[in-house]
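Since the structure comes first, as structure tokens, the remarks are kept for the end.
Derivation of every value follows stated rules applied to the coordinates shown; laboratory data play no part. Since the model is a prediction, treat every value here as computed from it, not as a measurement. Cβ placement follows ideal geometry from the backbone for every residue including glycine, while neighbour counts extend to all protein chains displayed.
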Amino acid sequence: KQEVTQIPAALSVPEGENLVLNCSFTDSAIYNLQWFRQDPGKGLTSLLLIQSSQREQTSGRLNASLDKSSGRSTLYIAASQPGDSATYLCAVEETSGSRLTFGEGTQLTVNP
Amino acid sequence: KAGVTQTPRYLIKTRGQQVTLSCSPISGHRSVSWYQQTPGQGLQFLFEYFSETQRNKGNFPGRFSGRQFSNSRSEMNVSTLELGDSALYLCASSLLVASSGANVLTFGAGSRLTVL
């Protein structure tokens, strides 16, 4: 059974700092991995999707990497801003379809 | 273009009652999936529907059921509510990108259910 773990559970940083969020998964036979953002009381917003054949994806200040062999992904946020404060979730999809296995999330606070 | 719409956004029920939640997907999306989010268990997959057929099902008791209509709108129903059913229920619609094979999900804002 696939298990997804995110470290750290919570992170507080000053504005402007670069930071890395970690995600690990137990079964490397994944179809793709996605990073989502969730604001309090809201739904999920997709940030980046990395297919199993890819090593990384970039969008603006966000960069996500994927190492299937080691079962790890990282989300790098450059020059963090208070508006980046949210919970970040990673999720793996094992076969083509919309069933995702989520990690518990990292709650990020960026202080002005 | 309109996003995924979930109704109601908030509701309060008592133990033993039943509840029906609705999800309207993005126009053109034929797949709808449901997730339950709780502080203790995180996000857990409930079920997925495609073209009115349940294609995947998570590990939830039979009290949890769903269906999809011909216009792709979906409903989920929870019968005989328990305190532990209090959660944020999220619906996502998806579109398979043929060129890449990637399944891009768009989530709604969720329906927050409180069971007293």
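Give the order of B:Val115, A:Val13 when sorted by the count of other beta carbons within 10 angstrom, beginning with the fewest.
A:Val13, B:Val115
Please state, as a whole number in µm²/s, the translational diffusion coefficient that the Stokes-Einstein equation yields for the protein assembly as shown at 10 °C and 1.306 mPa s, with Rh defined as the Kirkwood radius across alpha carbon pairs. Please list the in-between numbers first.
Numbers: Rh = 18.1 Å.
The Stokes-Einstein estimate is 88 µm²/s.
Considering the dipole of chain A built from charges on the beta carbon (Lys and Arg +1, Asp and Glu -1) around the Cα centre, which of A:Ala9, A:Phe25, A:Gly83 is farthest to its positive end?
Result: A:Phe25, furthest along the dipole toward the positive end.
Any idea what the dipole of the protein assembly as shown comes to, in debye rounded to 20, about its Cα centre with Lys/Arg Cβ at +1 and Asp/Glu Cβ at -1?
In debye, rounded to 20, the protein assembly as shown gives about 640.
Need the list of aspartates and glutamates near A:Lys42 for cross-linking: C-alpha distance under 15 angstrom, and skip anything on the same chain fewer than eight residues off.
Leaving aside aspartates and glutamates fewer than 8 places away in the same chain, those within reach of A:Lys42 are A:Asp84.
Are there GluC sites (Glu not before Pro) in the stretch B:13-116 that DSSP puts in a loop and that have at most 16 other Cβ atoms within 10 Å, and which ones?
B:Glu52, B:Glu82
Would you kindly compute the Cα radius of gyration of chain A and its largest Cα-Cα separation (Dmax), both in Å?
Rg, Dmax (Cα atoms, Å): 13.3, 41.
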